[in-house]
Amino acid sequence: MTKFTAFLNDETGAVTVDWVVLTAAVVTLGLVVFNYIAPAVSTLAIQIETEIQEAGEAMASK
């Protein structure tokens, strides 16, 4: 029983587990934020594309 209690009391690797959990939380938060921002960025990119095309057509017609 002493080996089992020694295993339960051993904290080797606890910092690694903390970092893995923290990294997973940061990645999850990033994905959640990305899901909210992606549609707005896509709409903005389409608007920019339209403006650039209109400017190119205006320059070509001169």
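The label point for GLU54 and the one for PHE34, both projected 7 Å from the Cα toward the Cβ, are 3.2 nm apart. Extension gain, ASP18 to THR2: 0.36 nm times the residue separation minus the Cα-Cα distance gives 3.1 nm. Computed from phi, the 3J(HN,Hα) profile of segment 37-51 under the Karplus parametrisation 6.51, -1.76, 1.60 (θ = phi - 60°) reads 8, 3, x, 5, 5, 4, 4, 5, 5, 5, 5, 5, 4, 4, 4 Hz, with x in place of Gly and Pro.
Under Stokes-Einstein, with the Kirkwood radius over Cα pairs as Rh, the value for the chain at 10 °C and 1.306 mPa s is 95 µm²/s.
Read-outs: derived from the displayed coordinates by stated rules, not from any lab. As the structure is a prediction and not an experimental result, all values here were calculated from the model. For neighbour counting, all protein chains shown are included, and Cβ atoms are generated from backbone atoms with ideal geometry for every residue, glycine included.
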